[in-house]
Amino acid sequence: MQAINDFILAAAGQPWVLVLVFACCVIDGFFPPIPSESVVVGLAAVAATADVPNPALLAVTAAAGAFIGDNIAYVIGRSVGTRRWGWMRGHRMQRAFRWAGRNCANGPPP
């Protein structure tokens, strides 16, 4: 993952770096090992000193990518459900799903 960060930070002045930021943020929404946060923070640090890339455009691009990635994760979760595979049908997992459902419906415990 460090190689990805180094590559993107070295490419900060290129116009296509925002496409990479968008892709990292989208993929990170449903595949967490992609380091989108560190890429955005690194580019924001470069933008603060060198004004490349445009900080406002960087923020909008990262937010749009994160929004789309989170919605992809939601669609995957809705289509898979909570009983698709055998390990999901076990007593402990079903109890965990019920606990999570109650907490999402009622808010966090006090």
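Only the coordinates and a few stated rules stand behind these numbers; no lab work does. Values in this document were obtained by computation on a predicted structure and should not be read as measured data. Here the Cβ positions follow ideal geometry from the backbone for every residue, glycine too, while neighbour counts run over all protein chains shown.
Quick check on segment 1-58: what are the equivalent-ellipsoid semi-axes from the Cα gyration tensor, as sqrt(5λ), descending, whole Å? Mind dumping the intermediate values first?
On the way: eigenvalues 67, 26, 18 Å².
One finds semi-axes of 18, 11, 10 Å for segment 1-58.
Along segment 71-79, what does the Karplus equation 6.51 cos²θ - 1.76 cosθ + 1.60 (θ = phi - 60°) give for ³J(HN,Hα), rounded to whole Hz, x for Gly and Pro?
Using θ = phi - 60°, the values come out as 5, 5, 4, 4, 5, 4, x, 5, 6 Hz.
In which sequence would C25, C104 go, from the one with the fewest C-beta neighbours within 10 Å to the one with the most? List each step's numbers first, then the result.
Working: C25 24, C104 9.
Ordered by Cβ neighbours within 10 Å, fewest first: C104, C25.
For the chain, list log₁₀ I(q)/I(0) at each q in 0.14, 0.17 Å⁻¹, using the Debye formula over Cα point scatterers of equal strength and ignoring solvent, two decimals each.
Cα-only, vacuum Debye calculation for the chain: -0.68, -0.82.
Starting with the fewest neighbours, write out T49, T61, T82 ranked by other beta-carbon atoms found within 10 Å of each beta-carbon. The partial results should precede the final answer.
Details: T49 7, T61 21, T82 15.
Fewest-to-most ranking of T49, T61, T82: T49, T82, T61.
For every helix of n ≥ 4 consecutive DSSP H residues, a contribution of -39,500 (n - 2.57) applies; sum these over the chain, divide by its total residues, and give [θ] at 222 nm rounded to the nearest 500 deg cm²/dmol.
Details: 5 runs with 80 residues, N = 110.
Taken over the chain, the calculation gives -24000 deg cm²/dmol.
Taking 0.36 nm per residue of sequence separation and subtracting the Cα-Cα distance, how much length would be gained by fully extending the chain between I72 and A56, in nm to one decimal?
Details: separation 16, 0.36 × 16 = 5.76 nm, distance 2.44 nm.
Going from the current span to full extension adds 3.3 nm.
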